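Working notes for the structure below.
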Amino acid sequence: MYIEDERQSRLEDADGLPYTLDFLVLEELDFMQACLRAPPVRKELEQQLQVQAAGQETWMTQVMQLAVAYAHITTEEEGLWRIDVNIFLSEETSVTANYTPRTACGDLVIKLGEWQTQPTLDGLLSYTRNLYSTTQSWKAKEAALYILNQLLGDFQDVEKTVSAETANGFLDFIKYAMAQEDEFLRARGYLVAGSLVKTSGDALQQPAAEFLQACLQAITNDDSEVVKVSCIRALQHHLSAVPPAVSLPLQNSIITALSHYLSAQDLRELIESDDLMVTLVETLRDAILLDTRVCLTGSGLDLLFTIASHGATNFNVTSLATETFEEIAVSISTMGGDSYAQLCAKVLPSLTGAFDVGSLTDENALTNLAADLLDVLTEFGTEPLPPGFAATVMPKLQGLLLGSLDSELLKSGTSAVKNLLVHDYGQLFAWRSPAPENKSGLEVVLMIIDRLLSPTIDDIAAAEVGGLAAEVVEKAGSERLGPYLEQLLRAVAARLSTATQVQFVQSLIGVFARLSLRNASDVVGFLSNVRIGEESGLQVVMGKWLENSNMFAGYDEIRQK
C-alpha cells in the first residue's frame, strides 16, 4: 500500500480520528516497546538468549526482520525527498515532528540496544547478511542500514562503541550500498559509513580514509542531490573520527568541495532550506577547525560568511556561524599579533561591506550579523590592535550607535566599542571622525554613551552601556575627561534610578563598583552630593544594588558586590 503503491499515509477523518493503516502499525510498535519494559517479559527474553546456541536464529533476529520490514521508505517519502532534500535532512537529523513507522522502528531497535547491546548488533548483522544474500529490493537493503544508522546514532549520544568484529561485519554491506544505482541506498551507505567509523574507535582507520575520499568525490561528482547532502553530513562523523594525519591534508579539498556544492545552488531557494544550511555550516566548521590557519589564506571564511549572510534571518544558522567565528578568532589570536592582523585584513572588508549593504537594503538581520561578528573579532583582539583598526570600524559603529533603534544591534555595537577600549584605547582616542565633524574618538564615545543613557533607548538595547562607560572612565581618567567625568557619572546614576531590567541595572552599577574598588570614599562622597529626584545618588545606587545583587551574573560582578 505505502511502499510499492502511492497511498497517502497519516490521514484523519472529520473528527480528527486516524483511519489509515500506518497508525495501526505505530500503535503495535509502541505496544512492543511497552512490553519490552515489563520485567517478566525481559526476564523470559533474557533466558531465551542465554540458552540458544551460537549461530542459531534468536528472537532478536526475528524482531530485526520485523523492524526492517516496516522501516522501508514509502513511495510518498521517496517522492518528497527527491523534490526537497531539506525534508530528507530533517528526517535524518530527527528535527521533524513527522513520526512514522520507519522512525518508530528505529526507536524500537534503539530501546533494544540500550537493554541488550551486543545481542541487538548481532541480531541485526545476522539478518542483514541474510537480506543482502537475496534479491530483495533496494528498499529492504536500505531499511536494514537505516536501522543500523539509528542504533549507531544512539551509541554516539551515550558514547558507546562498536567492537572491531561487528564493525568489520557491516563493511561489505556499506560498500555494496555506496556502489548501487539507486540514490537512496547509495546515500544510506555514505551515512552509515560515517556513523560506523565514529562509533568503532580505531577499528576502521584504513577504511575510514577511503570512505572520506569517497565522500569528497561524491559531493563533487554524484548526480543525486540526496547523495551529495548525505556525504556533506557524513563528513562531520569522518572528521571527528579520523586522525589529523588523514584529515589535515584534505582540509582544502573539503572546503573546495563544499564551495563547489554551494556555487551550484540557487541561494535564494537555499534560504528556505534550514536544515541544509545548518548542515553546511556544521561541516564547514569542522573542516576549518582542523587548522584555523586555513582562514588566513584559503576560502573557508569567505564561504562561512556567504552562507551566514544568506541565512541571516535564520537563528540557527547565524548562531552556528557566530560560534564558529568565535572559535576561529580565539585560535588565531593566540598565534600572535601578525596572525590576528592577517585575520582582520581578511574579514574587515566583508564586515564593513555587510554594514553598507544592510543599510542600503534595510536588511536588519544582515547588519545584526555583521555587528555580532565584529563584536567577536574585537573581543579576542590582540593588544595593541592592528594599525588602522579603529579607523576602519569606528565610522560604521558610530553611525549605527547614534542612529539605530534595534536592541540587538545596539548591544553588539556597544560591546564592540568597549572591546576596542579594552585592547587599544590609545588607538581609539587618537582616531578622529571624518570631516566635517572631525571629533576625537573620546568625544564620539561620549556621544554614544549619552544617547544610550537617554530615556528614548530602552533597558534591553542599552544593556551594555555600563560596561562601556566604566571602560571610558578607567581608560580616559579625570585628566582626559575633565568636567565630563562628573556629568557622565550623574547621567549613569540618573538612568539607574529608572532602570528595571536586571542586566541593565547590573551594567550601570558596575560603573560605580569598579570605581569603588579603587577609591570608595570619593565615590561615596560624590554620590552623596548628587540629587536625583527626592533621593541622593548614593540612595539610588545602593537601593538598586541591594535590590538586584542576588540576580547579578558573572565572576567580576560577584567579586565587586
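Of the numbered criteria (1) of a type in the set (Lys, Arg); (2) under 28 Å from residue 126 (Cβ atoms); (3) surrounded by 16 or more Cβ atoms within 10 Å (Cβ to Cβ), the one residue 228 fails is (2).
Six or more apart or on different chains, Cβ under 7 Å: which pairs go from a residue in the range 405-432 that's on the phi < 0 side of the Ramachandran plot to one that's in a helix (DSSP H, G or I) and surrounded by fewer than 20 Cβ atoms within 10 Å (Cβ to Cβ)? Could you list them? These pairs meet every condition: 406/364; 419/379; 421/475; 425/475; 431/391. Any residue that is closer than 27 Å to residue 219 by Cβ and buried (at least 16 other Cβ atoms within 10 Å of the Cβ) - is there at least one of those in the range 114-121? Checking the range 114-121: not a single residue is closer than 27 Å to residue 219 by Cβ and buried (at least 16 other Cβ atoms within 10 Å of the Cβ). Scanning the range 47-61 for residues that are assigned to a helix (DSSP H, G or I), without any contact (Cβ under 8 Å) to a residue 60 or more places away in the chain and out of contact with any Leu (no Cβ under 7 Å at 6 or more places or on another chain) yields 47, 48, 50, 51. State yes or no: is residue 78 out of contact with any Leu (no Cβ under 6 Å at 6 or more places or on another chain), outside any helix (DSSP H, G or I) and more than 13 Å from residue 106 (Cβ to Cβ)? Answer is no for this residue.
Count of the range 127-162 residues, restricted to those that are of a type in the set (Val, Ile, Thr), closer than 16 Å to residue 185 by Cα and within 35 Å of the chain's Cα centre (by Cα), is 1.
For the structure I just gave you, tell me whether residue 547 is under 24 Å from residue 418 (Cα atoms) and among the acidic types (Asp, Glu).
no
Assigned by TED's automatic domain parsing to the domain that holds residue 72, closer than 17 Å to residue 121 by Cα and either in a helix (DSSP H, G or I) or touching a Leu at 6+ places or on another chain (Cβ under 7 Å) (or both): does that describe residue 141? Answer is yes for this residue.
Kindly evaluate residue 524 against the criterion of being closer than 18 Å to residue 457 by Cβ, modelled with pLDDT of 90 or more, assigned to a helix (DSSP H, G or I) and not hydroxyl-bearing (Ser, Thr, Tyr). So residue 524 fails the test. From the list 169, 201, 189, which one is surrounded by fewer than 22 Cβ atoms within 10 Å (Cβ to Cβ) and part of a helix (DSSP H, G or I)? Going through 169, 201, 189 in turn, just one is surrounded by fewer than 22 Cβ atoms within 10 Å (Cβ to Cβ) and part of a helix (DSSP H, G or I): 169.
Would you check which residues across the range 258-293 are under 16 Å from residue 342 (Cβ atoms) and crowded, with 20+ Cβ neighbours inside 10 Å and list them? Across the range 258-293, the qualifying residues are 288, 292. Summed over the range 241-274, the residues that are under 28 Å from residue 84 (Cα atoms) and either in a loop (DSSP other than H, G, I, E, B) or not aliphatic (A, V, I, L, M) (or both) give a count of 15. In the set 518, 490, only one residue is touching a Gly at 6+ places or on another chain (Cβ under 8 Å), charged (D, E, K, R) and assigned to a helix (DSSP H, G or I); that residue is 490. The set of residues in the range 508-542 that are in contact (Cβ under 8 Å) with a residue 40 or more places away in the chain and of a type in the set (A, V, I, L, M, F, W, C) comprises 508, 509, 511, 513, 515, 517, 526, 530, 540, 541. A residue that is of a type in the set (S, T, N, Q) and over 21 Å from residue 146 (Cα atoms) cannot be found anywhere in the range 224-239.
Restricting the range 431-463 to residues that are among the charged types (D, E, K, R) and closer than 19 Å to residue 499 by Cβ, which is surrounded by the most Cβ atoms within 10 Å (Cβ to Cβ)?
459
For the criterion of being crowded, with 21+ Cβ neighbours inside 10 Å and either in contact with a strand residue (DSSP E or B) (Cβ under 8 Å, 6 or more places away or on another chain) or among the small types (Gly, Ala, Ser) (or both), residue 466 passes.
The values are calculated or read from the model by the stated rules, or taken from the named source; none is laboratory data. It should be emphasised that the depicted structure is a prediction, and the values quoted were computed from it without experimental measurement. So basically every Cβ, Gly included, is an ideal-geometry build from the backbone, and we count neighbours across all protein chains shown.
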